[in-house]
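Undergrad: Just passing along the structure, written as structure tokens.
Each reported figure results from applying straightforward, stated rules to the coordinates on display, with no laboratory input. These figures come from a predicted structure and were not determined experimentally. Glycine also receives a Cβ, built like all others from the backbone with ideal geometry; neighbour counts cover every protein chain displayed.
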Amino acid sequence: MQSSRDTTKFPTGEELYAALNRKLKKTSGSITQRKLDTGEYVMHQGRIVPVTVIEEAKAEAVVKRGIISRPKVNLADFEQHAELWLGSRKSIAATTVQRLTRQPIRVIAAAALQQGVSRSTPKDGQLFSYDAKSGRMLPVDNETLGGISDRSKPRKKNTRILGMKSR
Amino acid sequence: MQHWNWHDFEDETEAHEPDDFDQYNFSTEDEPAEQIVRQFWAGKLSTGHLYTIGFVRITKQSILNALLGVVEYNGQHLAIPQSGAWVVTFDLSTENNEFAHVELDFKAKRDLVAGVASAVYDHYNVSKAGLYCWYAAREQLISIYDTALGFDVDRKIKLKTIPLMSKINKLGAQGRGYAIITRYY
């Protein structure tokens, strides 16, 4: 008659951990298969790889190619932008590249922030803006709010709105 | 009830069926052992590996003693807390390498260590467990665990660490056991 398992002997840490690891492998296999079926994982060169890893690798390759194939800088543009270099941390070349590759920001409106703010109750419709320097939300001074029409206060004739380009 | 999938984990707690590998009875008579798993990629596409990290909840003091030995903590024996005790395992997801050594480049090692630390941190945030147990299956894995669990601070690798925790290493008969005791112990 086959004898039953010896239950008086408790397994060692290594044996327990090996058993846990077998459990993990079994679980891992089922998860992997499930994700292959849903398309979250794919076969890549004979290995199971998450789709996100492949996409990330492709994106990195595109960025690298983009750097290599960047068009040459026109010397005239370089000289123009060199005049704008006002001794910042960046070199002239870096500043030039930055100006050539970035889209200029078109300011539509600007508003002054209230400094020395008292802790009074905010008004209805009060706008706030984040001040990175102080790390606080500061109320926007509605009276000098430019670019946003304030219907409660009709604009007086010949009044200049702060931040708007004169036409 | 925890929605583990919201936190990028898979709840693989099995239905209570006889498991050939569960010969050491991680499950109780009434319910299966809770098992939470996460998979992550470590390294570049061409040289990296897919890893699985698993958390198995333990409820028996005998299992804790077998893994870590009898451990003194704050003047008492380390015991299974009410907040929960989990054993952590991790290994390659697909290759059946039986804990054999896998050569990793720096990016893979960094991703592996960060992935392990993040998984423990995220699991802790969800479960508020009091105790995590670890066991290095081989001597070569000790350096990875030491780095991931904060025993060997590698300043090149930024890791998420559980706040206000105590950690003990070199536990067990072979000196390869680890315990992370959180503030919920």
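Undergrad: All other residues with a Cβ under 12 Å from the Cβ of B:Val116 taken together, and with Lys, Arg as +1 and Asp, Glu as -1, what is their net charge? Provide the component values of the computation, followed by the final result.
TA: Details: positive: B:Arg38, B:Lys109, B:Arg110, B:Lys160; negative: B:Asp91, B:Asp111, B:Asp122, B:Asp146.
With Lys, Arg at +1 and Asp, Glu at -1, the neighbours total 0.
Undergrad: So, in nm, how far is label A:Gln45 from label A:Ser30 when the simple model puts each one 7 Å beyond its Cα toward the Cβ?
TA: Taking the simple label geometry, A:Gln45 and A:Ser30 are separated by 3.2 nm.
Undergrad: Could you list, in their original order, any pairs among A:Lys25/B:Lys167; A:Lys26/B:Lys60; A:Lys23/B:Lys60; A:Lys64/B:Lys107; B:Lys128/B:Lys160; B:Lys107/B:Lys160 whose Cα atoms are separated by more than 21 Å? It would help to have the intermediate numbers written out before the result.
TA: Working: A:Lys25/B:Lys167 27 Å; A:Lys26/B:Lys60 23 Å; A:Lys23/B:Lys60 18 Å; A:Lys64/B:Lys107 18 Å; B:Lys128/B:Lys160 16 Å; B:Lys107/B:Lys160 17 Å.
Pairs exceeding 21 Å: A:Lys25/B:Lys167; A:Lys26/B:Lys60.
Undergrad: Add +1 for every Lys or Arg and -1 for every Asp or Glu among the other residues with Cβ under 9 Å from the Cβ of B:Phe55, and state the total. Kindly include the intermediate steps, with their values, before the conclusion.
TA: Working: positive: B:Arg38, B:Arg57; negative: B:Glu34.
Result for the neighbourhood of B:Phe55: +1.
Undergrad: Right, another one. Amide H of B:Glu14: which non-local residues (sequence gap of 5 or more, or other chain) have their own amide H closer than 5 Å, using H built in the peptide plane?
TA: B:Gln35
Undergrad: Now, a different point. So how much slack lies between A:Ala132 and A:Glu15, counting 0.36 nm per residue of separation and subtracting their Cα-Cα distance, in nm? Working shown, then result.
TA: Numbers: separation 117, 0.36 × 117 = 42.12 nm, distance 5.61 nm.
Length gained between A:Ala132 and A:Glu15: 36.5 nm.
Undergrad: Here's something else I'd like to know. Could you give the nm distance between label points at B:Lys167 and A:Asp141, where each point is 7 Å from its Cα heading toward the beta carbon?
TA: Between B:Lys167 and A:Asp141, the label points sit 5.2 nm apart.
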